[in-house]
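Please treat every number below as a calculation from the coordinates, not as lab data. Everything numeric in this text was worked out from a predicted model, so none of it was measured. Cβ sites come from the backbone with ideal geometry, for glycine too, and all protein chains shown count toward neighbours.
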Amino acid sequence: MNTQNPLLSDWDAPYGLPPFATAKPAHYAPAFETAFANHRAELDAIASTNIAPTFENTIVAFDRAGWLFNRLNDLFGNLTSAETSPALQAVERELMPKIATHRSSIYMNEKLFARIDAVKSSVEANSLSHEDARLLDRIHFDFVRQGAKIPAASRAHYASNVAKLAELSTQFAQNVLKDESDWALWLESESDFAGLPQSQRDAANAAAAARGKPDGYAITLSRSSIVPFLTFSERRDLREKALTAWVSRGTHAGESDNRALAVEVLKLRAEQAKLHGYKTFADYALVDRMAKTPAAANELLMKAWVPAIAKAKQDYEALEAMRLSYGAKDAVSKCDWRFYAEKVRKARFDLDDAEVKPYFELNAMIRAMFGVANKLFGVSFEEKFGVETYHPDVRVFEVKRAEKLIGVFLSDNFARPTKQGGAWMSGYQWQTRNAGTGAVIPIIGNHNNFSKPPEGQPALLTFDDVRTLFHEFGHGLHGLLSNVTYEKLSGTNVLQDYVELPSQLYEHWALEPSVLSEYARHYQTNAPIPVSLIERIRAAATFNKAYESAQYTSSALVDLAVHSREDYDGFDLVQFEADELKRLGMPEAVTMMHRLPHFRHLFSGDSYAAGYYVYMWAEVLDADAFNAFLETGDAFDAATAKRLYDYVYSAGDSIEPAEGYRAFRGRDATVEPMLKKRGLIEA
């Protein structure tokens with residue numbers, strides 16, 4: 001008990017939530033020092049005992065160790081992403097190398113690994129239950145992967161690399177956030193608003209208010225701000241200005257320049273891979289993924305890339321025709337694609353966001369995603385008010401199944417300058433029955449960056465926003481429904497190209513007619529969305545997918561390519577990107593989803609490094625998995641939903657992914673449903 005530092009006192013907030021109100025940036029460094037020491041002591045006790053190593057006294061004990069460190073680390077990582085400050089960023093720069101060094105020291109503990117290795121090769125290992133054997137395999141693999149078998153003479157250098165990578169990754173993320181939060185396109189004259197729907201005007205006003213100008217209007221580099229602007233603004237000069245700012249994040253000379261920093265990360269990763277005995281970092285990274293090799297990942301991507309480029313070129317002709325009908329002089333370029341695509345979409349499907357958005361009010365869509373979870377898995381959600389969180393926008397929900405509390409869900413939906421861009425799921429606490437104090441329920445957060453409306457007005461979503469909401473909640477359910485014994489195997493702690501299956505699969509129910517007819521109601525009249533509008537939305541579902549596929553697949557292919565090099569001496573990051581896109585035949589008018597200098601997935605950590613392909617790998621699984629429901633004629637078929645719960649959403653990593661998928665589906669997935677879903681082959 002430490003009454004001076006709230007992070008080291010009992011966390012007595014409801015549900016065991018962190019002390020958001022009382023914990024200050026200055027509390028983190030001393031709290032982590034205590035957590036490091038406690039964790040080391042726990043691990044040393046496991047490693048130093050004279051009792052022969054067993055699964056219980058070594059593997060189970062290892063999974064249970066580090067409770068204080070883990071919950072501090074989860075809290076700190078969440079806040080630095082969702083509600084940071086200059087003071088917290090300074091602490092982050094100080095602590096991230098120390099956290100990385102601590103983690104590295106765990107896996108370099110020779111006595112501890114010797115005991116784990118002994119259990120792995122013991123007679124007992126052959127008689128373990130399926131889940132216990134999986135835990136043993138994963139822990140042993142982690143130790144080897146994190147350097148346990150690296151020669152002693154190289155370990156200090158390896159540990160130094162790990163710490164340096166943590167430092168650089170932190171700086172990379174902070175640089176991107178700085179470029180995003182520093183830039184704004186201020187709309188001042190009436191002509192600046194040409195083409196913008198009222199909802200975007202309102203969002204621009206709210207964004208300006210967040211920057212201290214309540215009477216102003218700002219377009220920001222939040223995706224929910226800039227993408228609608230590029231879609232609707234009639235001002236080509238402003239679209240070009242906004243797109244230039246968007247694609248140049250991380251490339252500005254000065255303190256936020258990520259170009260040299262990213263190259264340093266690539267060099268250190270290549271050294272890491274070589275110390276492990278691999279030719280490139282891509283070879284090293286994919287060993288612990290379903291794809292196994294860069295060649296397998298590349299093969300899948302090319303199956304989408306070739307038809308996507310062919311279809312995008314056809315679509316470009318339609319955009320050019322629309323451009324000519326407008327009498328515009330300049331050929332369709334990067335800043336024009338979304339603008340003219342919206343015009344074509346409206347002409348073909350009689351569909352535009354001004355008609356759609358009134359039916360997709362945020363609160364109604366939250367009820368929709370909860371309703372789907374209830375029908376599929378019997379889960380209920382009850383909002384709790386007056387619970388202290390890290391920001392007033394965050395909402396707290398109790399999650400129950402069969403009347404039993406199984407988790408807590410934090411919903412954080414709006415963009416703000418103190419929050420990194422994009423959308424993500426995270427955990428403050430993970431489900432386990434191995435905490436030493438009884439069962440622990442998960443505390444899971446979803447973080448979106450929707451434009452916040454002015455006070456008193458509803459938040460109206462595009463259908464893309466709705467898909468994002470459902471996607472992240474699919475991740476959230478993966479954490480909330482976890483029902484395993486060990487924290488190591490809990491929730492989303494699965495292979496990276498499997499983790500996107502529950503999230504991408506959940507998106508399918510956002511387009512399910514029965515869901516739309518029940519929850520998509522006009523925010524003013526409460527009239528249900530017309531069936532004809534649902535049909536148009538579904539008909540337009542594959543429109544412009546070739547463009548989106550090219551955006552995503554180019555980023556994934558460049559990621560694999562940049563991590564498949566053996567050295568980076570004299571390496572020019574930007575030139576490499578340009579050369580690789582030219583080699584692939586990237587259309588001139590298509591932008592990458594993420595350029596390398598601001599590619600947070602790759603350089604703000606290594607989870608997706610040489611692994612951005614995982615979204616498409618998982619999409620093969622999710623398209624095939626949803627077909628399992630369609631084949632029954634019922635998108636909520638109870639037997640299929642039970643298998644989905646048993647073998648995917650609740651199973652965590654207690655089952656090997658390919659084995660779990662086969663248990664759910666009865667066979668391996670096929671690629672054709674994914675290509676059809678993207679409109680790249682005939683349905």
Starting from the Cα of R538, step 7 Å along the direction of its Cβ; do the same at Q314; then give the gap between the two resulting points in nm.
2.3 nm
Taking a cut-off of 16 Å between Cα atoms, list the lysines near K677, but don't count ones fewer than 8 places away on the same chain.
K303, K311, K545
Decide, for the range 164-319, between rounded, prolate and oblate: order the square roots of the alpha carbon gyration tensor eigenvalues as a ≥ b ≥ c, take rounded if a/c falls under 1.5, and otherwise choose prolate if a/b is larger than b/c, else oblate.
oblate
Given A296, L261, F339, which one lies farthest toward the positive end of the charge dipole of the range 245-344, if we put +1 on the Cβ of every Lys and Arg and -1 on the Cβ of every Asp and Glu?
A296
For A133 and S121, calculate 0.36 nm times their separation in residues minus their Cα-Cα distance, and state this gained length in nm to one decimal.
3.1 nm
Under 17 Å from the Cα of K384, which lysines turn up, not counting those fewer than eight places away in the same chain?
K400, K404
Convex hull of the chain built on C-alpha atoms - directionally averaged projected area, nm²
29.8 nm²
Simple label model, 7 Å out from Cα along Cβ direction - E234 to E382, nm:
5.3 nm
Estimated FRET transfer efficiency when R0 is 45 angstrom, pair A29-K375 (beta carbons, to 0.05):
0.45
Taking the Cα centre of the range 358-539 as the origin, how large is its charge dipole in debye, to the nearest 20, when only Lys and Arg (+1) and Asp and Glu (-1) carry charge on their Cβ atoms?
220 debye
Charges at C-beta only: +1 for Lys and Arg, -1 for Asp and Glu. How large is the resulting dipole of the range 183-247 about its Cα centre, in Debye rounded to 20?
240 debye
Using θ = phi - 60° and the Karplus relation 6.51 cos²θ - 1.76 cosθ + 1.60, list the HN-Hα couplings for the range 17-34 in order, rounded to whole Hz, with x at every Gly or Pro.
4, x, x, 4, 6, 9, 6, 10, x, 5, 7, 6, 4, x, 5, 5, 4, 5
Please go through the residue pairs K98/K241; K419/K676; K241/K343; K164/K419; K98/K488; K178/K279 and name each one whose alpha carbons sit more than 32 Å apart in this structure.
K98/K241; K419/K676; K178/K279
Cα centroid separation, the range 224-297 to the range 54-109 (Å)
25 Å
Once amide hydrogens are built 1.01 Å from N within the peptide plane, the residues lying 5 or more places from Q429 or on another chain with amide H under 5 Å from its amide H are I443
Lys/Arg +1, Asp/Glu -1 at C-beta; the chain dipole; positive extreme among H598, L238, Y486
H598
Take every DSSP beta bridge with both residues inside the range 375-471 and express the antiparallel ones as a percent of the total, to the nearest 5.
75 percent
Based on the alpha carbons, how large is the Rg to Rh ratio for the range 358-539 when Rh follows Kirkwood?
0.97
How would the range 537-683 be classified by its alpha-carbon gyration tensor: rounded, prolate or oblate, with rounded meaning a/c under 1.5 and the a/b versus b/c comparison settling the rest?
oblate
Using the number of other C-beta atoms within 10 angstrom as an exposure proxy, rank E110, E234 with the fewest first.
E110, E234
Could you give each residue of the range 137-144 its phi-based ³J(HN,Hα) in whole Hz, using Karplus coefficients 6.51, -1.76, 1.60 with θ = phi - 60°, and x for Gly or Pro?
4, 5, 5, 4, 4, 4, 4, 5
Test of understanding: extend the Cα→C-beta vector of A260 to 7 Å, then name every residue of the range 590-608 with backbone N under 18 Å from that spot.
597-598
Let me know the charge dipole size of the chain about its Cα centre in debye, to the nearest 20, where only the beta-carbon of Lys, Arg (+1) and Asp, Glu (-1) is charged.
360 debye
Listed by chain and number, the aspartates and glutamates with an alpha carbon less than 15 angstrom from that of K357, same-chain partners under 8 positions apart left out, are D202, E342, D464, D465
Kindly put E131, E535 in sequence by how many other C-beta atoms sit within 10 Å of each C-beta, fewest to most.
E535, E131
Which order do the peptides 449-458, 612-621, 413-422, 243-252 come out in when sorted by mean C-beta neighbours inside 10 angstrom, highest first?
612-621, 413-422, 243-252, 449-458
Per the rule of 0.36 nm per residue minus the C-alpha distance, extending A439 to E56 adds in nm 136.1 nm
Alpha-carbon centroids, the range 658-680 and the range 573-588: separation in whole Å
31 Å
Classify the range 33-75 from the C-alpha gyration tensor, please: rounded if a/c falls under 1.5, else prolate or oblate depending on whether a/b exceeds b/c.
oblate
So in the chain, what percent of DSSP beta bridges are antiparallel if you round to the nearest 5?
80 percent
Selected from L362, L275, G427, residue furthest toward positive end of dipole (the chain; charges at beta carbon):
L275
In whole Hz, with x marking every Gly and Pro, tabulate ³J(HN,Hα) for the range 243-257 from phi via Karplus 6.51 cos²θ - 1.76 cosθ + 1.60, θ = phi - 60°.
5, 4, 5, 5, 7, 9, 4, x, 10, 7, 4, x, 6, 9, 6
Cβ density ranking, 10 Å radius, fewest first, applied to S490, S81 yields S81, S490
